[in-house]
Structures are given as C-alpha cells and as structure tokens.
Amino acid sequence: MDFGLVLQTDPPASQVISLMKRAERNGFRYGWTFDSAVLWQEPFVIYSQILANTQRMHVGPMVTNPGTRTWEVTASTFATLNDMYGNRTVCGIGRGDSAMRVAGRAPNTLARLGDAMGVIRDLAEGREAEVDGNRIRIPWIKDGKLPVWMAAYGPKALALAGQKADGFILQLADPFLTEWMIKSVREAAAAAGRDPAEITICVAAPAYVGDDLAHARDQCRWFGGMVGNHVADLVSRYGEHSGLVPEDLTEYIKSRQGYDYSHHGRAGNPSTDFVPDGIVDRFCLLGPAEAHIDKLRTLRALGVDQFALYAMHDAREAVIDAYGTQIIPSLTR
C-alpha cells in the first residue's frame, strides 16, 4: 500500500513544502493538495518547489476540474513539471465543488469531465487531441506520462471512472462504502472491456493518531461536511430513497443546513455541526496507531492501493511522524 499526504495550499507556501518533505522522509510517496483558486494559493506553482525539494514524491491535485483551467493549459502545466523533474505528477480530477461554486459556477457535467480526462491525458503525453473543435498537439513533449485519477461518489460518476480513468479517488474511509464503490468501478471497467485490476484505487480521509477520541473527532468533523456536499448533490439528482446511492451515505445529511465555503476543509468548521460522531468514526481514521493499522489492513484487503491522509488539524507533524514510525512500516513490509 502506498501513502499520500493531502494539504491545503494556505500561505506560507514554505510550510506546505516543509510538510511534504517531512512526509517523504516518513515514507509517503504522494503529495496532494486542494485546488480552488479563490480559497487557496496556486498549487501548480507550489508543486514545482515540492518536486525540487523531494526525490521520489509524486504530486497532484485532489482534485482539479475541467472548468477553471483550459484543458491544454492543464496538460501543458503537468507536462512542464514532468519535463523538469521526471514523470512525477498525477492528475486528480472531478466535477469541481469548491473551485466552481466559490466562483459562482455550477460543477461540470460528467460528459464534460469524461471528455476532459481523455484530452488532458493525450496532450500531456504528447498525442494529438481535439480542443474546441481544433486538433492540437504540444510538440515539445517527449516521453510524457500523466495518470488521470477521477474522484467519484454517485453511480454515474463511478461508472465513468471505471470506463475512462487510470485511478479512482474515494474521499472517505468507510469499509462498507469502499467495498460497494470499488465494486461499481470495477464492474464498469469490465463492461467497457478494460482490465479492472489496472485501475489504481486511492482512499483519502483525515487521520488523527492519539487516545483522545473526542478531540480527534472534533478536529476531523469538517470532513463529514465536505463529503456531505457531494452527498447532497446525489440526493438532489437521484432522490433520497432511489436505491442508487446507499442509505448509509445519505442518512446523516438530513440535518444539513447550508454550507460556508470560507471554512471548507478546516477544523472547527461551523457548517459541520450536523455530522454525528458515528460518521466521523466511519469516514476517518482515528485513535491509537493500532486502530489505524487494523482499518488500513481492511481497506487494503478490499483492493485499496493508496491511503491519502488529509492533515487539516492541529497535529499535522505528529500524525505524519506517527505514520512514518508506526503505521506505514506495518503496511509496507
């Protein structure tokens, strides 16, 4: 199992770079960041410094979207980083939540997302692709490689990930839901004539190592609110009892009352009071190191290839170090 660290690009950027260097020293192989131009600093500028200050770490957004950047710019940016530092980038992509909504736009359609994934990958790897009706190719790219991993929750998005993505990003760590969603992605891949085993499975969730569960829950409760945004979209699209989305995922948002993106992904988010302790426990990794190891072994047995750790809480360095000394060695040896 691989491990990744997920951060927001809050200033100063030097702190983001320092935490990623610390993560690599502790055995993390991937460095991810949020990507919302209004809320945080520009991640691709920071990726350049992360890559320059690490040796093996792969970087990418969790997640970008096909609406806030033109597709050829996205492809060229990834390809430039790869040309400078070797093929060490991953394009995590989705419909767009905070990035689009904060700018007053609706998230992208799945059709647009599906088209963008193919175009961005082709252009970044040096092949010709069609953009706005024109066939273009970036001529300077040689031996480029860009895996495209798609974030998804709902049935149509899971199917698209299986049909077109190189990897699937699931932003929660509940074993029951993980098993259901991996199965959906793999069935879609097989139906599309792809080898399901070739799709990398990445589970991303907050992790907090320690014995004070009440404090850990409060530090990670924001995550239930973030996931709740996507669940609310699914309920509006499919209905609360459609059978297309597990009720385990939809039940807890009944008390949800709006969402303030100025606190998005932050400990103490006042928009997440509706998230019960049980959801925090299911979606996150909390407790002593042994509890993390047990849950990660369960996820690995379900087919998870990478666990990406959200570290938006008051113990970032301590959790990175605890994973490096106690948890990662137990899952990688």
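The values are calculated or read from the model by the stated rules, or taken from the named source; none is laboratory data. Quick caveat, the model's predicted, so the values are computed rather than measured. When we count neighbours, we look across all protein chains shown, and the Cβ atoms used for this are built from the backbone with ideal geometry, even at glycine. Side chains are part of the model used for accessible areas, which takes the heavy atoms of the whole protein and leaves out ligands, DNA and RNA. Shrake-Rupley method; radii C 1.70, N 1.55, O 1.52, S 1.80 Å.
Here is how the numbers come out for the structure above:
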quantity	calculated
Flag if ARG56 is basic (Lys, Arg), at pLDDT 95 or above and in contact with a helix residue (DSSP H, G or I) (Cβ under 8 Å, 6 or more places away or on another chain)	yes
Residue, farthest from HIS292 (Cα to Cα), within segment 1-16, restricted to residues that are in a helix (DSSP H, G or I) and in contact (Cβ under 8 Å) with a residue 24 or more places away in the chain	ALA13
Tally of residues being touching a helix residue (DSSP H, G or I) at 6+ places or on another chain (Cβ under 7 Å), part of a helix (DSSP H, G or I) and either open to solvent by 20 Å² or more (accessible area, probe 1.4 Å) or closer than 18 Å to VAL59 by Cβ (or both) across segment 118-175	9
Lone unmet requirement of (1) touching a Pro at 6+ places or on another chain (Cβ under 6 Å); (2) modelled with pLDDT under 80; (3) part of a helix (DSSP H, G or I) for ALA190	(2)
Tally, over segment 60-83, of residues that are crowded, with 21+ Cβ neighbours inside 10 Å and either part of a loop (DSSP other than H, G, I, E, B) or among the small types (Gly, Ala, Ser) (or both)	7
Residue that is nearest to VAL6 (Cα to Cα) [pool: residues in segment 310-321 that are part of a helix (DSSP H, G or I) and open to solvent by 10 Å² or more (accessible area, probe 1.4 Å)]	ARG316
Count - residues of segment 17-59 that are free of Cβ contacts under 8 Å to residues at least 12 places away in the same chain and buried (at least 17 other Cβ atoms within 10 Å of the Cβ)	0
Top-ranked residue of segment 45-58 - restricted to ones that are touching a strand residue (DSSP E or B) at 6+ places or on another chain (Cβ under 8 Å) and part of a helix (DSSP H, G or I), ranked as nearest to TYR85 (Cα to Cα)	LEU51
Selection status of GLY92, open to solvent by less than 20 Å² (accessible area, probe 1.4 Å) and in contact with a helix residue (DSSP H, G or I) (Cβ under 7 Å, 6 or more places away or on another chain)	no
All positions within segment 176-194 that are open to solvent by 10 Å² or more (accessible area, probe 1.4 Å) and among the hydroxyl-bearing types (Ser, Thr, Tyr)	SER184
